[in-house]
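To start, the structure itself, in structure tokens.
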Amino acid sequence: MGLCSLLCKFTRRAKYVILLVLSLSLLAWIAMFLGETGKPLLVLSATAQTLIKEPSLREKLASSTSTPDHVNTPLPIVECPQKSPLLRGALNLSFESSLKLTDVESENKGVTDGEYKPPDCTARQSVAILIPHRKRERHLLYLLHHLHPFLQRQQLHYGIYVIQQAGDATFNRAKLLNVGYLEALKDYSWECFIFHDVDLVPENDHNLYVCDKQPKHLVVGRNATGYKLRYKGYFGGVTAMTKAQFLKVNGFSNTYWGWGGEDDDLRVRVELQKMKIVRPPAHVARYTMVFHKRDSGNEINKDRMRLLGRTSLVWRKDGLNSCSYKTVSVERFPLYVNITVDIGKPQR
Ligand code: UD2
Ligand code: MN
């Protein structure tokens, strides 16, 4: 019995061991089978991916061999380069007495209603040029003759506005410029404004007619003053301010009638807002002022020093927000928008 029970135990254990070995080898076989078939599965999924990509490749090929893209969809217009490749630097200016408006018009076919956009890129800034004017037709012609190609070489989107003071009352440059700002914004949301004397012609197209983070004075020097800054803080002639900067100072004062002071008043407003006037380098910010005498109706403003003394007290209520005027006409000529305006007369 002892031997029999021993044998029985042994055969039972052997059965278990054999069963275990069998099941292990079955598992190993299954694993091996899966291992073999796993590879083709991966290959299949990779093929599936390639197949998914394939139609777009085919589409690309098809589209490149059929009608060109630009026939159906407009080409994306890229931003103009930081530095225009069209700039020429210092220029020889000409002031021919035989020059006619029709000549300047035919030289600037790309300009419509005083507005221009570069044809092959999106301009970096949209700039309105505001020119206060009365009875300076010859100066205006010379300025248009030089300024249009100058601005086009700078690849700007621009519009030129001439603001004509109607009647014979004393001239008010600053108020006309306020009117120009308010009227130009009715046409387009210009982001930059250049306040520009009619008789100043820029000599170097590296003097960029764009706005900066701070108000910019563009006339460092001019022929008549030996190309030197007239005095520290001088802010006359041609200045550039963004829409927001000009709004922040409430524009120019409306109360300077006659010659002088209004440019200093704007400087005071800028300084009151803790802004800082910037200027391009002197060799670039050069202008030729077409010779002129003092105009009748623009006599020296004897009141200007008194007015300058009260700027910090009145700027909030004297400026863009109190600029009242009557628009006489808005004429859209090929090379500029002509706004004739009745701005009243001095209250004295
Ligand atoms: C200086 C300033 C100018 C202004 C002025 C004082 C420079 C280069 N310019 O110019 O910005 O501060 O002093 O008011 O320093 N205008 C007419 N018709 C007139 C009178 C004036 O169109 O009958 C316009 C025109 O755009 C002219 C501007 O007003 O350029 C300034 O008058 P200005 O040229 O007689 O004065 P000016 O040269 O002393
Ligand atoms: Mn002048």
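Just a few scattered comments:
- Contact map, the range 152-176: residues that are farther than 30 Å from K302 by Cα paired with residues that are surrounded by fewer than 24 Cβ atoms within 10 Å (Cβ to Cβ) and acidic (D, E), Cβ distance under 6 Å, separation 6+ or inter-chain. Pairs shown: R153/D205; G159/E115.
- Criterion applied to I163, I131, I194 was being under 15 Å from the mean Cα position of the chain (by Cα) and either among the β-branched types (V, I, T) or surrounded by fewer than 19 Cβ atoms within 10 Å (Cβ to Cβ) (or both), and the one residue passing it is I194.
- Residue in the range 90-128 that is surrounded by the most Cβ atoms within 10 Å (Cβ to Cβ), counting only those that are in contact with a Leu (Cβ under 7 Å, 6 or more places away or on another chain) and among the β-branched types (V, I, T): V127
- In this entry, G233 is excluded by the filter for residues that are among the small types (G, A, S), farther than 25 Å from P85 by Cα and either within 16 Å of ligand 2 (Cβ to nearest atom) or modelled with pLDDT of 95 or more (or both).
Yes or no, residue by residue, for (1) modelled with pLDDT under 95; (2) touching a strand residue (DSSP E or B) at 6+ places or on another chain (Cβ under 8 Å):
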position	(1), (2)
A240	no, yes
F246	no, yes
W257	no, no
G260	no, yes
K274	no, no
V278	no, yes
P281	no, no
D295	yes, no
G309	no, no
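- Test: residue in the range 224-239 that is within 15 Å of ligand 1 (Cβ to nearest atom), hydrophobic (A, V, I, L, M, F, W, C) and in contact (Cβ under 8 Å) with a residue 60 or more places away in the chain: yes
- Selection of helices (runs of 4 or more DSSP H) fully inside the range 236-348 by the criterion of at least 1 residues being under 30 Å from N204 (Cα atoms) returns 243-248, 262-272.
- Selection within the range 251-287 - among the polar types (S, T, N, Q) and either touching a His at 6+ places or on another chain (Cβ under 9 Å) or buried (at least 21 other Cβ atoms within 10 Å of the Cβ) (or both): S253, N254, T255
- Some residue of the range 202-221 being in contact with a helix residue (DSSP H, G or I) (Cβ under 8 Å, 6 or more places away or on another chain), in contact (Cβ under 8 Å) with a residue 60 or more places away in the chain and within 16 Å of ligand 2 (Cβ to nearest atom): yes
- Here Y188 does not qualify as within 10 Å of ligand 1 (Cβ to nearest atom), more than 26 Å from A90 (Cβ to Cβ), touching a residue at least 60 places away in the same chain (Cβ under 8 Å) and in the same structural domain as T311 (by TED's automatic domain parsing).
- Restricting the first member to the range 270-297 and to residues that are under 24 Å from L144 (Cα atoms) and among the β-branched types (V, I, T), and the second to residues that are more than 15 Å from ligand 1 (Cβ to nearest atom) and not in a loop (DSSP other than H, G, I, E, B), the beta-carbon pairs closer than 6 Å and six or more apart or on different chains are V284/N204.
- Lone qualifier among S84, S98, S94 - being more than 23 Å from A285 (Cβ to Cβ), out of contact with any Gly (no Cβ under 7 Å at 6 or more places or on another chain), not acidic (D, E) and not in a strand (DSSP E or B): S98
The values are calculated or read from the model by the stated rules, or taken from the named source; none is laboratory data. Remember, it's a predicted structure, so these values are computed and weren't measured experimentally. Note that each Cβ is placed from the backbone with ideal geometry, even for glycine, and that neighbours are counted across all protein chains shown.
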